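The block underneath contains the structure these notes are about, expressed in structure tokens.
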Ligand code: CA
């Protein structure tokens with residue numbers, strides 16, 4: 001896809017939260033070279049201060065931090081903001097990674113990682129973040145096939161306004177959950193395969209853990225199902241994927 005040329009804009013700003021100087025240096029150099037603006041915090045509390053002061057477009061958040069854990073920082077940011085968050089975990093912290101997604105991170109990477117891989121994740125998350133005018137790449141046309149509102153039963157989804165209502169009441173959803181719901185409801189009554197959903201929500205270059213999809217389905221059910229343990233809206237089609245019941 002050819003990038004659309006746009007007027008000069010201020011660069012996309014990444015808040016890097018990392019207490020290991022060697023990682024910090026590499027990230028600072030790498031992202032600056034790719035044209036991003038960088039802000040840095042070296043512990044959890046500083047992360048929250050820098051987040052409020054600097055309004056970054058994306059937060060790259062290490063899990064193990066002095067003073068306040070990345071999990072708590074993520075939870076705190078999510079209570080006020082939909083900013084894309086990528087968690088960074090060390091090997092052996094897989095449990096933390098899943099918890100990270102449950103507290104609202106959009107994605108995670110495991111140390112050690114290659115910068116190219118991280119950069120692809122960052123771009124993918126930004127691309128999906130339609131509210132973010134400073135996205136490093138234009139929105140993918142596959143993100144949603146239509147911007148028209150969709151109504152199935154008592155669930156109303158309006159992609160252009162990024163709004164979900166159930167029986168008229170607005171439901172707050174982070175970006176990934178919103179994209180996932182849009183992907184499901186856009187083909188209500190038909191099965192959406194796991195691969196289709198991962199492609200549409202995380203991008204075809206997504207190489208992460210497929211558990212990510214299940215974690216997001218679970219979070220979505222907790223918000224839109226009357227009884228999340230016996231879902232009637234988002235139903236599991238064993239061995240295939242998920243279906244939004246029409
Ligand atoms: Ca650390």
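Read-outs throughout are calculated quantities, based only on the coordinates presented, and are distinct from any laboratory measurement. Predicted model, so just to flag it, every value in this text is computed and none were measured. Positions of Cβ are generated from backbone atoms using ideal geometry, with glycine treated the same way; all protein chains shown enter the neighbour counts.
Data table
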{"item": "R0 of 30 Å, Cβ-Cβ distance residue 19-residue 230: FRET efficiency to nearest 0.05", "result": "0.10"}
{"item": "Cα gyration tensor category, rounded, prolate or oblate, for the range 5-58 with a/c compared to 1.5", "result": "oblate"}
{"item": "Distance in nm between pseudo-label sites at residue 49 and residue 237 (7 Å out along the Cβ direction from Cα)", "result": "5.2 nm"}
{"item": "The range 13-135: Cα Rg divided by the 2.2 N^0.38 Å rule of thumb", "result": "0.94"}
{"item": "P(r) histogram, all alpha-carbon pairs of the range 150-244 included - 10 Å bins from 0, percent", "result": "16, 55, 27, 2"}
